[in-house]
Amino acid sequence: MFENEISRRRLLVALGSAGAIAGLPSCAHWQTGNVCSPDLRTGDPNKPLTIDMHAHVFNASDVHVNRLLTDVIGRDSEFKGAIDFLSGPIQSLLWTHTPDYNKEMRGVARLKEAFDSCQPGRALSDGGVKSVADDLRRERYDDTVQELRNANARQARSLRTGQAADIARLLDDLPEADTYFEHGPRLRALRARGREVKVDGVLAFIICQGQYRCLNWLEYVRAIGSSPKRDVDLAVAHLLDFDWPLGGGSPTATSVQDQIRLMSQISILSRGRIHGFAPFCPMRAVMHRGPFSPLEMAQDAVHKKGFIGIKIYPPMGFAPYGNGKIHRQKPDFWQRPWLPASLQAVPDLGDQLDGRLAELYRWCEDFDVPIMTHTIQSMGTCDDFEELATARHWKEAITLFPRLRVNFGHFGDPLQDRKPPYTKPYIDLMRKAGQRGENLYADSGYFSEVLSRPKELSRKLAELQNYSLAVGSAPLYDRLMFGTDWNMASLIGQKVRSYLSSFETVLQGLDPSASDRFFGANAATFLGLRQNGKNRQRLDQFYSLNGIPTPLWMRKIDKPQASPRAIS
């Protein structure tokens with residue numbers, strides 16, 4: 001991890017990851033200049049294929065963000081002090097103006113119109129992309145800060161003496177929107193006032209959660225989506241469904257179904273530079289009544305709306321498989337006060353969860369649909385639930401469904417010194433072609449060590465590569481994929497802009513031939529994006545129906561490449 005900064009175990013608000021935190025380029029920075037040139041909907045045709053397997057663009061109307069902050073991020077966390085300090089306004093936040101489905105659609109339409117009228121090389125008009133983006137982000141910043149003030153006032157009587165006044169002064173001291181979003185001045189202002197960084201981080205997270213999703217995508221492209229040698233040609237954005245684990249069974253302000261529709265529109269806006277993984281929560285599936293089940297919703301997203309995979313989140317309270325066995329061994333395992341009573345009352349809940357997951361896995365095998373899973377013991381509401389993210393729970397799923405195509409997001413946190421280790425058991429599952437586990441991969445989401453401890457990360461990756469060869473698994477360098485976990489990685493601050501180029505250096509030092517596989521080729525294979533791949537065929541149809549020209553990533557994949565040097 002990076003010295004004197006927040007540890008990943010406590011940081012991985014993973015949501016794969018929730019939002020921007022203090023000093024970040026992601027939601028707190030929009031550089032001046034011509035946003036039409038280069039066109040942010042495409043990368044550089046002269047740079048090699050690059051795919052980010054792990055990103056997010058959601059906002060507060062997509063997740064139960066108040067409980068996420070207090071019950072998950074603030075649980076046994078380096079953020080605990082800051083969240084406790086701000087707990088009054090956090091619990092009272094209404095998120096009244098956060099873009100819901102209709103508001104986001106209007107924002108997407110404005111950006112699309114600006115993009116369509118943009119002429120690179122010419123000065124932007126008042127309706128240009130940057131002007132529209134500036135208007136949208138300024139509106140959301142002002143509204144969110146005002147909501148914080150209102151929430152603090154509502155909670156003033158319940159807070160300790162002087163706390164509400166302290167928070168009010170903190171909010172009053174925030175700069176105007178234009179200053180806030182200019183990264184350099186904002187940092188100087190915060191340091192000059194001597195505020196605690198962690199409090200500012202939670203505020204920045206809240207402000208980010210108030211933003212438009214389409215702006216979160218544009219910020220991603222500008223913040224860490226480019227380096228001198230590479231541009232991210234395709235980003236994979238993961239949606240989350242925490243309605244039952246965190247929301248008591250109540251829907252978020254923007255329902256999961258509407259989130260899928262919005263992500264589809266952002267994929268169209270980006271001309272295929274970003275595509276989603278649809279969320280699947282087996283708790284929702286167990287409790288669902290009526291037509292259009294959660295599985296059917298996920299299937300519709302993949303077959304008709306440009307989604308290229310499914311995201312599941314075990315540390316929210318379910319094992320990838322074997323829940324029935326857990327329930328028989330621990331009958332009270334799901335008797336948790338934060339879970340809805342109706343869910344707890346399901347007599348065979350463990351078997352029911354396994355049944356819904358089995359339905360998902362069979363469909364994923366039949367249609368070659370990739371799955372992304374969270375693999376660190378973090379981002380749960382209790383230790384027991386977080387343990388469900390470990391590799392041993394995937395072993396049974398892969399035994400029963402050997403053709404599953406799974407990305408182990410975060411790769412078990414390889415630099416954490418734990419016994420037994422979390423990462424090597426995942427390598428044990430990654431087998432060679434023709435064997436059970438031949439479609440298992442991992443990503444580098446939130447490997448902050450690439451910035452703070454690159455030599456240590458390099459040594460660890462080399463060790464894990466050697467381990468994979470020694471145990472007869474697939475070579476790690478053939479299975480590891482680039483991932484940022486944006487915008488959680490943005491917590492590192494301005495250094496995050498070198499995330500991509502720093503990984504280039506690490507991979508070049510390890511094995512130059514592995515670099516192109518890590519940054520793009522492995523992901524292209526995992527996602528089924530090569531010619532005749534099922535995902536590729538679905539996307540071809542999606543692009544044709546929505547008038548999207550052939551994306552740059554597709555042209556790069558189809559371009560003949562020299563055969564990579566074999567790994568010994």
Between the range 510-556 and the range 237-293, what is the separation of their alpha carbon centroids in Å? 23
FRET efficiency (Asp540, Ser158; Cβ distance; R0 45 Å; to 0.05) is 0.20
Could you tell me the accessible area of Cys382 in Å² (1.4 Å probe, neighbours in place), rounded to the nearest ten? 20
Using a basic spin-label model with each label point 7 Å from the Cα along Cα→Cβ, how many nm lie between Glu113 and Asn466? 6.1
Would you work out the charge dipole size for the range 342-416 about its Cα centre, treating the Cβ of every Lys and Arg as +1 and the Cβ of every Asp and Glu as -1, and quote it to the nearest 20 debye? 280
Which length gain, in nm to one decimal place, applies between Tyr101 and Asp143 when the Cα-Cα distance is subtracted from 0.36 nm times their residue separation? 13.4 nm
What figure in square angstrom, to the nearest 10, would you give for the accessible area of His97 with a 1.4 Å probe? 80
Would you mind checking which residues have amide H under 5 Å from Leu239's amide H? H placed 1.01 Å from N; only 5 or more apart, or other chain. Phe277
Calculate, for Asn532 and Asn150, the FRET efficiency according to 1/(1 + (r/R0)^6) with r their C-beta to C-beta distance and R0 41 Å; round to the nearest 0.05. 0.15
Residue by residue, what Karplus-based ³J(HN,Hα) values in Hz, rounded to whole numbers, does the range 378-391 have, using 6.51, -1.76 and 1.60 with θ = phi - 60° and x for Gly and Pro? 7, 6, x, 8, 7, 4, 4, 6, 5, 5, 5, 7, 7, 5
Can you flag which of Lys103/Lys229; Lys305/Lys424; Lys80/Lys424; Lys325/Lys460; Lys103/Lys305 are past 27 Å Cα-Cα? Lys103/Lys229; Lys305/Lys424; Lys80/Lys424; Lys325/Lys460
Separation in nanometres of the label points that stand 7 Å from Cα toward Cβ, at Arg392 and Asp39: 5.3
What accessible area, in Å² to the nearest ten, does a 1.4 Å probe give for Trp95? 40
Expressed in nanometres to one decimal, the distance between label points 7 Å along Cα→Cβ at Gln329 and Asp558 is 5.0
Going by average Cβ density within 10 Å per residue, which order do the peptides 228-236, 354-362, 162-170 take, highest to lowest? 228-236, 354-362, 162-170
Calculate, in nm to one decimal, what Ala358 and Gln508 gain on full extension: separation in residues at 0.36 nm each, minus their alpha carbon distance. 50.0 nm
Sequence-distant aspartates and glutamates (8 or more away, or on other chains) whose Cα lies within less than 18 Å of Lys47: Asp39, Asp231, Asp233, Glu504, Asp516, Asp558
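The values are calculated or read from the model by the stated rules, or taken from the named source; none is laboratory data. Note that the structure is predicted; figures quoted are calculated from it, not measured. Every residue, glycine as well, gets a Cβ built from its backbone with ideal geometry; the counts of neighbours run over all protein chains shown. SASA here: full protein model, heavy atoms, side chains in, ligands and nucleic acids out. Shrake-Rupley method; radii C 1.70, N 1.55, O 1.52, S 1.80 Å.
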